Each structure stands twice: as C-alpha cells, then as structure tokens.
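Notes for the one structure printed next.
Just so it is clear, none of the values below were taken in a lab; they were calculated from the coordinates. For clarity, every value in this text was computed on a predicted model and none was experimentally measured. With ideal geometry, Cβ positions are generated from the backbone for all residues, glycine too; neighbour counts draw on all protein chains shown.
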Amino acid sequence: MPTAIEQLVISETGLRAFWPDRVRGHAGRIAARPPSSGEREDLRELPLVTIDGANARDFDDAVFAEPAGSGWRVIVAIADVSHYVRPADPLDREAARRGVSVYFPGSVLPMLPEVLSNDLCSLKPGVDRLCLACEMRLDARGHVKSWRFFRAVMRSAARLTYSGVHGAIEAGDTKARRELGALLEAVERLYAVWRVLAVGRRRRGALEVDLPETRVRLGPDGEVRAMEQAERYNAHRVIEELMITANVATARFLGRARMPALYRVHSPPDADGFEELRHLYAGAGHPLSEAAARNPDEISRALRALRGQPAYEAIAVATLKCMQQACYQPANIGHYGLALKSYAHFTSPIRRYPDLLAHRAIKHLIDGGRGETAPLRGNELARTGSDCSEKERLAEKAMRTAVKAYKLRYLSGCLGDTLDAIVSHASGKGLFVQVPEVGMKGLIPRWRLPARHGRRRARDRRGGQGLHGFTLGQQVLVRVARVDEDRGHLDLDLLAG
C-alpha cells in the first residue's frame, strides 16, 4: 500500500494505481488455468540462478555460464510473459497504458498484476517456469559469435542476492560460500564471464559513471527511519553485463531479420551539451577532443582518472545532465552511452512494455512468421515507442519526487544540524552543494554567503570561474537552516569552507 507521500505523488503524476475489474478478472483466470506451455526445450537440469536485490519479488531473469572451447556458452533465461499476456487482451492493454513498473521506497505500482508479476511469471526457485531463452557463444575476448533464441521450461536453482553473492565471491565470507554450496562453481563462472565482458566494455569506450545512492528506509508507519548508503558490488555488474549482452544479441537478431522493433537508442550530446562537457572537463584538467562527441571513451577515461577526488561526484552528475535521454524508437541510431551500434530491451518483460514487444517479435521470427500475432509496425510501432519513452520519464520523475519528499521530511527533523557538503554548481540565487549523507542538493542563498563570495558573479552554471569564488568539488561544512517540504527546497548556512 503506498504511503501518504507516495499517494500524493501518484495523484499529482496521474500514475495508474488500481486495476480495472476486467484486468483483475483476466489475470485471475489465467492464474487459475494457465495456457498450455506447448513444445519447449527443457532447461530444468541446468543450474540457472537469479541474482537480485534482497527485497525484489519479481524475478525476470536467470543466468548460466560454462566454458566452451576457448570461450563461453552463456544462457540468459527471461520470464515468458508474452505466453500469458496476448496482444490486445485486457492485460496487454493495461500494460501498455502503464508502460513500466514504478518502484517507490514503500510500495510498487507493477506493470502487471501481482498474480503474474510476483508469481506465475516470476522465476522463483524450485518451481517450473516458462521462459524465453537466449543462448550465446562468446569467444575468449567476450565477442558474441552466435546466438539462439528458444522457448524453454526452467527451474531456478536458487534465488540469490547481490550482497550474498558479494560475500561469497568477493569478500570470501566462509558462511556465504557454504550457503552457495554446489552453486559456488556456477556463480564463479558467471564472474569469469563478466571479467571478459568488462574488458570489452572498457575497450569499446562505454560510459562508466559510478555514483553513490542514498536509500530511504521506512518504518511500518511509512515514516522515514534512516538514510542508508546503498552498496554497489561487482555482483550488480555481473548481471548488468550479462543483460546488456543478451540485449545486444536481441537487437542484432531482430535487425538482421529486418523485423520492425523498438530499439533502445541514446543520441550523442547535442551541440550545447557537448560544449558544456568540454568546458567542464577542461576545467578539471581533462580536455576533450571532437571525437568525444561521437564516442564517450574520452569522458570515461577522464572520469576514471578523477575517481576518488573531491570533484568526482559533481563532475559525474554534471556529465549526466549534459547527456540526452535514452528512448525507444524503430530507427536504430545506436546507443552513445554504452558505445553500441545496436541495442534493444529484452530482459525485463515483467516490468517494461518494450521488452514484452521484443519477445513477441522474437517469437514471430523463430516460428517462421507463424503462430504469434504479427508484431507492431510502422506508425503504430513508432507511436508505441514514443508512449513508452514518455511513461518511463513520468515514472522516473515520480520516483525522484517521492524520494526527495522523504529526504526533506527526514531533514525537517535535522534543523540546526551540521553536515558535510560538496560544491556542485551556482546560479544568481546562490551556491548549490551536494550533501552526501542524504544524497541531495541544497542551496546556500547568495545573501547567506560571506561578503567576499556573495558579491562574486555566477557567470557559468558549473566550473571554477562561476562558483562565487568556490571550486567545483570543494568540501564545505553547512548547517540545515530551512526545509520547505511543500516547495521542495533545502536552504543551508555555510559554516566553513
């Protein structure tokens, strides 16, 4: 059940929070009498595992890897949502209206009813589940040499967590390794594949931005109990790279067959954004060439060089703000951030509508154009891509708004407290700083700045010359002066810096 803050955000954004009777009824009938599975390959003897967050309930993907010659055989098995959600049925229409699942700190607005998202479709351990699998052959350098998509039935060998896998593989925790038992070797193989893929990712110049994430921990009453720094392990990266690899195989499979599909595209920065990037990195001692407008390799190398320095987070955040937003469209123009020529979304059909459409297109191809309803084409496909992009942005805005509201609620009980902060950017209003403890920005109003700073002009939004005499990434000490929950403002006093 959404908390009061989440209910307000849902109301303001117009998100769909209730299931129409026809949708609930249809989902109930499918759960009671699932459609026949048809002919499928049997993967139940393979040690496929899911690796997710500790609180996850909808398990889209399971993974497996084994050596094959000098390379690897990798299987990414994805919940076969399209087997249950058919084109234009009540579930499909509602999923299209929602576009994505929305994850708030205290609740979830799923794209599909929970009887499907958390049960029938979810790849829960120890139970048979239908999946659409992508089998890939990788060479020793991580290049995908071949792929095959097929319907299968699987039985997850374990529901693993990022923290548990980290403990067993990275931290060498004896108890965690013992809990993995016979699956220890299977998980170590996944790490071995990831190491190869990570080298390939760096070789092609994909953008790598690691930013800390502050999570809100709520009590049973829906009120904020604490702010916690979310840990990011290599276990997260293992799954991310395996999913990216399967998504690339999907895009290449659909593209080579000239099958109309939605690609996940990311345009390079526009002229203004790139000029701001060049100014930003020149100020940090890492000037960018014109080539960085076509490939993010220089930016990634600069960020790696800056990691660990006080200005890193401010520069990384500013970098993302200079980028264009990724979106869904039928025209494949590549993905700038991932440095990929072709990319699509296939791995999360429980929570993303474009992935469901990709599954239908794949099935249409592997069935030789028979069986599945013909995939969307032309204007209808383009319109659906635009709608999905818009709904994704709306969901992200809603999640950010809710998280910010929780953080301001938490800070309203911290008036007068002293906090560490980092100079982020400036405007005529004053100096903006990032407060790592809560993971949000606050404003030191210009009139609160010392005279030697307050009279300086903020000519640029970012960079050393326009920060009221401060430097980007400079560490300062601030005091919580005012919290305006209604307007979403956090005002701070400068104590030292």
Between Glu231 and Arg202, what FRET efficiency comes out of the Förster formula 1/(1 + (r/R0)^6) with R0 = 30 Å and r the beta carbon distance, rounded to 0.05?
-> 0.85
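With a cut-off of 8 Å between alpha carbons and a minimum separation of six or more residues, what is the relative contact order of the chain in percent? Spell out each step's value before the answer.
Working: 955 pairs, mean separation 74.4, N = 497.
It rounds to 15 percent for the chain.
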Would you list which lysines come within 19 Å of Lys404, measuring only between C-alpha atoms, while excluding same-chain residues fewer than 8 positions from it?
-> Lys321, Lys441
Using the charge dipole of the range 13-135 (Lys, Arg: +1 at Cβ; Asp, Glu: -1 at Cβ; taken about the Cα centre), state which of Gly53, Pro110, Gly25 has its Cα farthest towards the positive end.
-> Gly25
Arrange Val81, Val423 by Cβ neighbour counts within 10 Å, fewest through most, would you?
-> Val423, Val81
Would you mind pulling out the separation of the Cα centroids of the range 350-426 and the range 19-65, in Å?
-> 21 Å
Using amide H atoms built 1.01 Å from N in the peptide plane, name the residues 5+ places from Gln324, or on other chains, whose amide H lies under 5 Å from its own.
-> Asp270
Calculated [θ] (222 nm, deg cm²/dmol) that DSSP helices of n ≥ 4 give over the chain, each run adding -39,500 (n - 2.57) | -11000 deg cm²/dmol
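Can you tell me the FRET efficiency between Val115 and Glu290 if r is taken as the Cβ-Cβ distance and R0 is 56 Å, rounded to the nearest 0.05?
So the FRET efficiency works out to roughly 0.55.
Let's test the formula: R0 of 25 Å, r as the Cβ-Cβ distance of Glu380 and Ser267. What FRET efficiency results, to the nearest 0.05?
The pair Glu380/Ser267 has a calculated efficiency of 0.60.
Would you mind counting up the charge near Asp21? Only other residues with Cβ under 13 Å from its Cβ, with Lys and Arg at +1 and Asp and Glu at -1. Walk me through the numbers on the way to the answer.
Values: positive: Arg22, Arg24, Arg29; negative: Glu94.
So the surrounding residues net to +2.
Counting Lys and Arg as +1 and Asp and Glu as -1, what is the net charge of the other residues whose Cβ lies under 9 Å from the Cβ of Leu492? Display every interim value, and only then the final one.
Details: positive: Arg448, Arg479, Arg482; negative: Asp491, Asp493.
That sum, taken over residues with Cβ under 9 Å, equals +1.
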Taking Lys397 as the anchor, which aspartates and glutamates have their alpha carbon closer than 18 Å to its alpha carbon, excluding any fewer than eight residues away along the same chain?
-> Glu6, Glu12, Glu213, Asp387, Glu485, Asp486
Convert each backbone phi in the range 386-391 into a coupling constant with the Karplus relation 6.51 cos²θ - 1.76 cosθ + 1.60 (shift: θ = phi - 60°), then list the ³J(HN,Hα) values in order as whole Hz, x for Gly and Pro.
-> 5, 4, 5, 5, 5, 5
Under a point-charge model restricted to the Cβ atoms of Lys and Arg (+1) and Asp and Glu (-1), what is the dipole moment magnitude of the range 271-323 relative to its Cα centre, in debye to the nearest 20?
-> 220 debye
Distant-in-sequence amide H partners of Gln329 (H built 1.01 Å from N, under 5 Å) = Tyr263, Val265
Each residue of the range 342-356 in turn: what ³J(HN,Hα) in whole Hz from Karplus with 6.51, -1.76, 1.60 and θ = phi - 60°, glycine and Pro shown as x?
-> 8, 8, 9, 9, 10, 8, 9, x, 6, 10, 9, 5, x, 5, 4
Contour minus end-to-end for Asp173 and Cys414, with contour as 0.36 nm per residue of separation and end-to-end as the Cα-Cα distance?
-> 83.0 nm
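By count of other Cβ within 10 Å, fewest leading, how are Met243, Met111, Met154, Met136 ordered? Spell out each step's value before the answer.
Details: Met243 19, Met111 31, Met154 26, Met136 22.
With the fewest neighbours first, Met243, Met111, Met154, Met136 line up as Met243, Met136, Met154, Met111.
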Quick one: which residues, 5 or more positions from Val476 or on another chain, have an amide H under 5 Å from its amide H? H modelled 1.01 Å from N in the peptide plane, none for Pro or chain starts.
-> Ala421, Ile422, Val423
Residue-wise, which Karplus ³J(HN,Hα) couplings in Hz belong to the range 97-111, taking 6.51 cos²θ - 1.76 cosθ + 1.60, θ = phi - 60°, and x for glycine or proline?
-> 5, 7, x, 8, 7, 10, 10, 9, x, x, 6, 10, 9, x, 6
Tell me, what is the percent relative contact order of the range 171-234, built from C-alpha pairs under 8 Å that lie six or more residues apart?
-> 18 percent
Of the labelled options (i) 3, 16, 23, 22, 15, 9, 5, 3, 2, 1, 0, 0; (ii) 4, 19, 29, 28, 15, 4, 0, 0; (iii) 4, 17, 26, 27, 17, 7, 1, 0, which one gives P(r) over Cα pairs in 10 Å bins from 0, in percent as computed for this structure?
-> (iii)
With a cut-off of 16 Å, note down the residues of the range 60-78 whose backbone N falls inside the zone around a label point 7 Å from the Cα of Asp139 toward its beta carbon.
-> 68-73
Would you work out the relative contact order for the range 251-345, in percent, from Cα pairs under 8 angstrom that are 6 or more residues apart?
-> 51 percent
In nm, the gap between the two label points placed 7 Å beyond Cα toward Cβ at Arg16 and Arg217 is 3.6 nm
Could you pull out the longest piece of the chain with no exposed loop GluC sites (Glu not before Pro) in it, calling a site exposed if DSSP puts it outside H, G, I, E, B and it has at most 10 other Cβ atoms within 10 Å?
-> 46-497
